[in-house]
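As structure tokens, the structure follows; a few thoughts come after it.
The values are calculated or read from the model by the stated rules, or taken from the named source; none is laboratory data. Because the structure is a prediction, the values reported are computed rather than measured. No Cβ is skipped: glycine too gets one built from the backbone with ideal geometry, and neighbour counts run over all protein chains shown.
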Amino acid sequence: MHEVARLGLEEACLVQSRVFERLWERDSRAVPSYKVSLVTRTIQELYGTDEPALGVVPPQHVVDSGSTLALDDLFRPVIEPELVFVATRPLSAAAGVEEILDACLVAPGFEVPDSRYAGWYPLPDGTVADLVADGAFAEQGRIVQAGSHIASGTFADPVVVRAGTFRADYEGIGSVEVSFA
């Protein structure tokens, strides 16, 4: 059995950045999207951090409402209702609140976190850096491209995914639905 290296947050961010650079080299038309996680104090304490984390979401992992996902393609998924911000124009790491609000549409969404590590939810086996290679926009100098989706982080407890349909209704925003088979 191979020994697994334990990465610090900086190293994990570098690995993530290089993996996605290679993916975008293959398809320069692909627009990266992002997820914010660990947004509540309770979850931050559980994962041993004091700040939210940011991860990159490959374009093929952003699906339309009404889609069906194959459970056989997932390991140990949970589902979380979230708001999704869709950038209508590029945004730099230095963008302020008003600029961000003016440049984004708000849509209903779900995030389906998944991990190949047993016991990752609800209690982690390791640190945040062991599970995700996350960082901050400003630290990485990221520019959010037009068309990027940014998932806000959940405001409800995750639910373990089973076969069936999940639906969330957001008053004044809309509804989102995803099925698992």
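Only one entry of ILE150, ILE173 meets the criterion of being at pLDDT 85 or above and crowded, with 18+ Cβ neighbours inside 10 Å, and that entry is ILE150. Of everything in segment 19-34 that is surrounded by 11 or more Cβ atoms within 10 Å (Cβ to Cβ) and either at pLDDT 70 or above or in contact with a helix residue (DSSP H, G or I) (Cβ under 7 Å, 6 or more places away or on another chain) (or both), the residue that is farthest from VAL62 (Cα to Cα) is VAL19.
Residues in segment 82-93 include none that are of a type in the set (D, E, K, R), closer than 27 Å to ASP169 by Cα and surrounded by fewer than 12 Cβ atoms within 10 Å (Cβ to Cβ). Summed over segment 54-112, the residues that are in a strand (DSSP E or B), closer than 13 Å to LYS35 by Cα and at pLDDT 90 or above give a count of 10. Scanning segment 153-170 for residues that are outside any strand (DSSP E or B), surrounded by fewer than 13 Cβ atoms within 10 Å (Cβ to Cβ) and under 19 Å from the mean Cα position of the chain (by Cα) gives PHE155, ALA156, ASP157. If you go through segment 41-50 and pick out every residue that is touching a residue at least 40 places away in the same chain (Cβ under 8 Å) and either part of a strand (DSSP E or B) or surrounded by fewer than 16 Cβ atoms within 10 Å (Cβ to Cβ) (or both), you end up with 2.
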